[in-house]
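Note sheet for the following structure.
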Amino acid sequence: MLLESLLSLLRESATLTRQIQHDFITPTTWEKKDKSPVTVGDLAVQTLMAARLEQLCPEIPLVAEESTEVLESDEGERFGEILRRYLEPFLGKFTRENMVHWIARGKEGTGTSRFWTLDPIDGTKGFLRREQYATALALVEENRVTMGFLGLPNYTQGENLVHAVRGKGTWANDLWKPGEWKACHVSEHRDVQEATVLRSVESGHTNLSQMDILVRNLGVVREPVRMDSQAKYAVLASGKSDFLFRLISAKQPHYKEKIWDQAAGSIILEEAGGKVTDLDGKDLDFSHGETLEENRGICASNGILHNIALDAIIETGC
């Protein structure tokens, strides 16, 4: 069954990232052209998942964050050998050409109507700090996310393997000790004074000054919860928080969200009863390649408080 195979793949990926974190005090990193870091963990997980997805459903292409850029750089041979050491226990013997092919699969799905989208390690800086990160996988069909998976190896405040299938709810389990699946439901808070806001640890991910004003305009009085990655969506879906925003950073006024940063989390929240739109209240549009080109930022909530959040966004001028 495909669903069970995908859940096993998330567990396998979590085992891989945990091993890499255990071995490296600071995981081996490389700086991409956009100045963001990529680690051995990012490339290892993308290679593993691309290879497994090709076996499971070769007819569905992949859109993923990482490229073969690092393997083609001066650091390529060193990275390749480290990757081989970690991946051979999972994939057996393989060639450099196999590795390049699997990573390159992440650019094959752009422009198609049905594809997987993957962020192998969402929250790379959280991964480097040994804090929160996520492996995020989703299936997009005709501009709609129909399946989503989040593996959260460092999350200890609840179940850390979460998945959703359109129309069938959101369910959570433990990555390491699988037990009975638990249904996820958003909070029933109707009063913003009972609500909490999830905020990114990384300042570059949002507009900090506007965020402070937005929280005041909302009327939220509780301290925000700071957390990296799409783990925030899992927290919202489990009813442990109420709002999540991605405002437009003044340093990147034309930034567009990447689909792999939102796809899995969005269906997980929606199937738990929450709501996700952009800052203008528009549904997320996954039909424009790697970015949410027609959307501006993110507004996510428990659903009940969503219109209040959108009104506060207008008042703040976000």
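The values are calculated or read from the model by the stated rules, or taken from the named source; none is laboratory data. Here the structure is a predicted model, which is why all the values come from computation and not from measurement. Glycine also receives a Cβ, built like all others from the backbone with ideal geometry; neighbour counts cover every protein chain displayed. These area figures cover heavy atoms from the full protein model, side chains too; ligands, DNA and RNA do not enter into them. Shrake-Rupley method; radii C 1.70, N 1.55, O 1.52, S 1.80 Å.
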May I ask you to list pairs of residues, at least six apart or on different chains, whose Cβ atoms are under 9 Å apart, with the first in the stretch 290-317 being without any contact (Cβ under 8 Å) to a residue 60 or more places away in the chain and on the phi > 0 side of the Ramachandran plot and the second being among the acidic types (Asp, Glu) and assigned to a loop (DSSP other than H, G, I, E, B)? GLY297/GLU257; GLY297/ASP278; GLY297/ASP280
Filtering the stretch 230-273 down to residues that are farther than 16 Å from ILE304 by Cβ and of a type in the set (S, T, N, Q), which residue is modelled with the lowest pLDDT? SER249
Which members of the stretch 272-297 meet the condition of being touching a His at 6+ places or on another chain (Cβ under 8 Å) and surrounded by fewer than 17 Cβ atoms within 10 Å (Cβ to Cβ)? GLU294
Going by the conditions given, is LEU269 over 25 Å from ALA164 (Cβ atoms), in contact (Cβ under 8 Å) with a residue 12 or more places away in the chain and crowded, with 21+ Cβ neighbours inside 10 Å? no
PRO253 being in a loop (DSSP other than H, G, I, E, B) and farther than 28 Å from LEU292 by Cα: no
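Per-residue answers, yes or no, for (1) open to solvent by 60 Å² or more (accessible area, probe 1.4 Å); (2) among the β-branched types (Val, Ile, Thr); (3) closer than 10 Å to ALA64 by Cβ:
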residue: VAL100; (1), (2), (3): no, yes, no
residue: GLY106; (1), (2), (3): no, no, yes
residue: PRO120; (1), (2), (3): no, no, yes
residue: GLY123; (1), (2), (3): no, no, no
residue: GLY126; (1), (2), (3): no, no, no
residue: GLY148; (1), (2), (3): no, no, no
In the stretch 300-309, is there at least one residue being part of a strand (DSSP E or B), closer than 30 Å to ASN173 by Cβ and open to solvent by less than 30 Å² (accessible area, probe 1.4 Å)? yes
Among the residues of the stretch 142-156, the number that are among the hydrophobic types (A, V, I, L, M, F, W, C), assigned to a strand (DSSP E or B) and touching a Ser or Thr at 6+ places or on another chain (Cβ under 9 Å) is 3
